[in-house]
Structure formats: structure tokens, C-alpha cells
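Engineer: Structure below; questions to follow.
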Amino acid sequence: MSVAVYLPDLEKTRWWCRTLAELLPGWSVRPLVEIEDRETVAYAVVWRQRTGDLARFPNLKAIVSVGAGIDHVLADAELPGTVPIIRTVGADLTQRMREYVALHVLRHHRDMPRQLQAQAERDWHQIVVPVAPNRKVGVMGLGNLGAEAARTLAGLGFATRGWSRNAKAIDGVETFAGADGLPAFLDGLEILVNLLPLTAETTGILDGALFAQLAPGACVINCARGAHLVDDDLLAALETGQIKQATLDVFHLEPLPADHPFWTHPAITVTPHIASQIDAATGGRLIAANLQRFEAGEPVPDLADAARGY
Ligand code: NAP
Ligand code: GLV
């Protein structure tokens with residue numbers, strides 16, 4: 001069985017090829033850019049492939065996203081539309097995201113940016129914040145990552161809400177669904193975490209109109225995709241104080257350009273898309289197992305729905 005691998009970095013691509021080849025004895029795993037016998041390739045393992053990369057392989061059985069999101073695969077205007085897409089998720093990805101969300105929600109909850117500023121000024125400034133049950137936090141997207149993030153926040157004692165497309169029940173979390181449920185979900189939220197997939201419906205969802213429905217001085221944590229956020233609306237809401245602080249892990253353009261105002265904004269924390277990266281050892285095992293299941297005709301748990309966009 002032949003597998004083509006594409007990541008924007010060729011060294012990383014070679015690493016993934018070696019890892020997958022060890023885990024898939026008898027399979028041929030090669031960098032996509034070096035393959036000439038294109039009709040032999042049955043599987044493609046990709047992160048942000050270039051337009052037309054996959055259309056070159058006429059016999060693809062499945063495409064694997066090296067990550068939970070499939071927006072980067074679907075962004076290819078020449079993508080062969082009927083080929084199934086397998087996401088790469090798993091316990092490590094969820095755990096890392098829980099850690100990131102807990103860290104940044106707690107940081108905003110305890111007003112750490114202000115406390116660190118006081119330290120820099122040698123100012124013994126005691127900030128007393130409400131206890132977590134009196135802090136309204138909300139998670140947009142209740143899938144693999146969002147549901148666990150919401151459970152984690154509820155476990156820390158926060159008054160936790162969650163929002164998804166279809167109705168969900170999660171212990172300790174007040175849930176809302178669909179466009180009709182969005183205003184009640186947002187109403188008065190003090191800390192908002194975005195873990196939605198990027199689709200036509202969710203692009204630009206973090207905009208001025210949404211910020212206006214949060215509590216004045218709310219904090220926003222975007223750890224899903226940069227295109228969920230309208231950058232200028234965030235800057236405007238920070239200017240008026242409607243948003244007090246933001247933590248951003250993802251950006252329209254990555255790496256975030258050096259001259260982007262987010263880098264130096266005093267109320268924005270920038271992290272370089274590290275909220276939850278798949279490490280290649282674990283990711284390799286997940287991808288190899290999914291490819292073997294798919295090839296054997298067994299159910300693959302992480303199949304995406306391309307028509308739905310996630
Ligand atoms: P998932 O399992 O597919 O879950 C997506 C959730 O979003 C589901 O609950 C879904 O609702 C909800 N949703 C989708 N469209 C919606 C809409 N229009 N309105 C309301 N809810 C909507 O995704 P996941 O594995 O949790 O991953 C989420 C995203 O996180 C990924 O797509 C990726 O962009 C991002 N991510 C970022 C990092 C990072 O390091 N920053 C790492 C991994 C993933 P239903 O449950 O009703 O279908
Ligand atoms: C990372 O952003 C992913 O989609 O897994």
C-alpha cells in the first residue's frame with residue numbers, strides 16, 4: 001500500500017514518513033513531493049497541502065488530516081470531493097487542550113496580567129476576584145476538545161456553559177444549541193473559549209456583535225482557528241474595554257506576521273498555535289491504526305463529514 005505525506009516543512013515530512021513506515025510494515029510511505037508513480041498512491045497524510053496536491057493522485061482511498069481540523073484540507077479548491085477525510089484526534093490532543101484552556105481561563109479569572117503588572121511596578125496590589133462558581137465561562141464547540149474543556153472548567157468549579165450545533169448534555173455544564181441558542185449562551189459570559197471547527201457558518205463568528213453580548217470587560221480565548229476572529233473587531237472591543245484581555249493561539253496568517261498589532265498589544269497574549277499539537281510519536285500511532293482500519297474495511301472512529309465541514 002502506498003502513502004503520500006505532505007507537511008509544509010520537508011524535514012518534518014521525512015520524520016513522519018519514517019515514523020509511519022515503521023508502524024506500517026510492508027507499506028510504502030514517501031514525501032508527496034517526491035512521488036512520480038501517482039496512480040499507485042492510495043492514502044495521503046497531509047497538513048495544509050497546496051492547491052492541487054491531492055488532485056494529482058487518481059486512486060486515493062482516503063485523506064488523513066494530521067490534526068483535528070479539516071479546514072486546511074478543504075481549503076484546496078481542487079480537492080477530490082468524494083475522498084473520505086480522516087481526522088487525527090486522541091487522548092493526548094484532548095489532554096493538551098484541557099491544560100491550555102484551564103491555564104488561560106484561570107489566568108484571566110485571577111487577573112494575572114494585572115497582578116504581573118503590579119509586580120513589575122513593585123506595587124503590593126492585592127486583587128481579590130470572585131470565586132469560580134460566581135464566574136461565568138463558556139465554551140463554543142462541544143466536540144472532542146470542547147466537551148472535555150467544558151468538563152474541566154466545570155470540575156474547577158466555574159459556572160460553565162457550552163454551545164454546539166446539536167443539543168448536548170454534559171454533567172455540570174449548562175448547554176445551548178444552534179443559532180437560536182447563541183444569545184442565551186453568550187449573555188453575560190465573562191470568559192469565552194472558542195473550540196469550534198472553521199466552517200462557512202463559523203468563519204468570523206468572533207466579531208463585534210458577538211463581543212457586545214458578553215459581560216463588559218470579558219476575556220476571549222481563541223484556540224480554534226484564526227479566521228473565526230475578526231481581528232479589527234477585537235482591537236476595537238479592547239479599545240472600548242468591552243473586551244479586557246484576549247489569549248490567541250491561532251491567526252489568519254501563520255506564523256503571525258512580525259508587524260501584526262497583536263504581537264505588542266498589552267491586552268493580548270499570543271501563543272504560536274501550540275494549544276494542542278499532535279506529537280509525531282502519538283500521532284503516528286493514531287494515523288497508522290486508522291489507516292489499517294480503513295484498509296481492512298473496519299469502522300474508523302475519526303471520519304470527518306466534508307459536507308458539514310468538520
Ligand atoms: P469536533 O469534535 O468536530 O467538534 C466540533 C464541535 O463544534 C461540535 O460540538 C459541533 O457541534 C460544534 N459546531 C460545529 N459547527 C457549529 C455551528 N455552526 N454552531 C455551533 N456549534 C458548532 O472538533 P474538535 O476535535 O473538538 O476540534 C475543534 C477545533 O479545534 C478543530 O476544528 C480545530 O480547528 C481546533 N484545534 C486547534 C488546536 C490548536 O492547537 N489550537 C488543536 C486541535 C484542534 P455538534 O456536536 O452539534 O456537531
Ligand atoms: C490543530 O490545529 C489541529 O487541528 O489539530
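Engineer: Scan the helices (runs of 4 or more DSSP H) fully inside the stretch 62-120 and keep the ones with 1 or more residues being within 16 Å of ligand 2 (Cβ to nearest atom), at pLDDT 95 or above and touching a strand residue (DSSP E or B) at 6+ places or on another chain (Cβ under 9 Å).
Structural biologist: Result: 71-74, 91-109.
Engineer: Give the residues of the stretch 159-169 that are hydrophobic (A, V, I, L, M, F, W, C) and under 20 Å from the mean Cα position of the chain (by Cα), sorted by residue number.
Structural biologist: Across the stretch 159-169, the qualifying residue is only Trp163.
Engineer: Could you grab me the full set of residues in the stretch 42-94 that are surrounded by fewer than 22 Cβ atoms within 10 Å (Cβ to Cβ), without any contact (Cβ under 8 Å) to a residue 40 or more places away in the chain and under 16 Å from the mean Cα position of the chain (by Cα)?
Structural biologist: If the condition is that a residue be surrounded by fewer than 22 Cβ atoms within 10 Å (Cβ to Cβ), without any contact (Cβ under 8 Å) to a residue 40 or more places away in the chain and under 16 Å from the mean Cα position of the chain (by Cα), then His72, Ala75, Ala91 are the ones that fit.
Engineer: Tell me whether the stretch 15-26 contains one or more residues that are of a type in the set (A, V, I, L, M, F, W, C), over 24 Å from the mean Cα position of the chain (by Cα), over 18 Å from Thr282 (Cβ atoms) and open to solvent by 20 Å² or more (accessible area, probe 1.4 Å).
Structural biologist: Checked against the condition, which is being of a type in the set (A, V, I, L, M, F, W, C), over 24 Å from the mean Cα position of the chain (by Cα), over 18 Å from Thr282 (Cβ atoms) and open to solvent by 20 Å² or more (accessible area, probe 1.4 Å), the stretch 15-26 yields no hits at all.
Engineer: If I filter the stretch 194-202 for residues that are open to solvent by less than 40 Å² (accessible area, probe 1.4 Å) and at positive phi, do I get at least one hit?
Structural biologist: no
Engineer: I'm trying to understand the selection: among the residues of the stretch 155-183, which are open to solvent by less than 40 Å² (accessible area, probe 1.4 Å) and touching a Ser or Thr at 6+ places or on another chain (Cβ under 6 Å)?
Structural biologist: Once the filter is applied, which keeps residues that are open to solvent by less than 40 Å² (accessible area, probe 1.4 Å) and touching a Ser or Thr at 6+ places or on another chain (Cβ under 6 Å), the stretch 155-183 yields Gly162, Val173, Ala177.
Engineer: Tell me, yes or no, whether the stretch 210-229 has at least one residue that is assigned to a helix (DSSP H, G or I) and free of Cβ contacts under 8 Å to residues at least 12 places away in the same chain. Show your work before the answer.
Structural biologist: Residues of the stretch 210-229 assigned to a helix (DSSP H, G or I): 210-211, 226-228.
Narrowing further to those that are free of Cβ contacts under 8 Å to residues at least 12 places away in the same chain: none.
No, the stretch 210-229 has no match at all.
The values are calculated or read from the model by the stated rules, or taken from the named source; none is laboratory data. No experiment lies behind these values; they were computed from the predicted model shown. Here the Cβ is made from the backbone with ideal geometry for all residues, glycine too, and neighbour counts use every protein chain on show. For accessibility, only protein heavy atoms count, side chains too; no ligands or nucleic acids. Shrake-Rupley method; radii C 1.70, N 1.55, O 1.52, S 1.80 Å.
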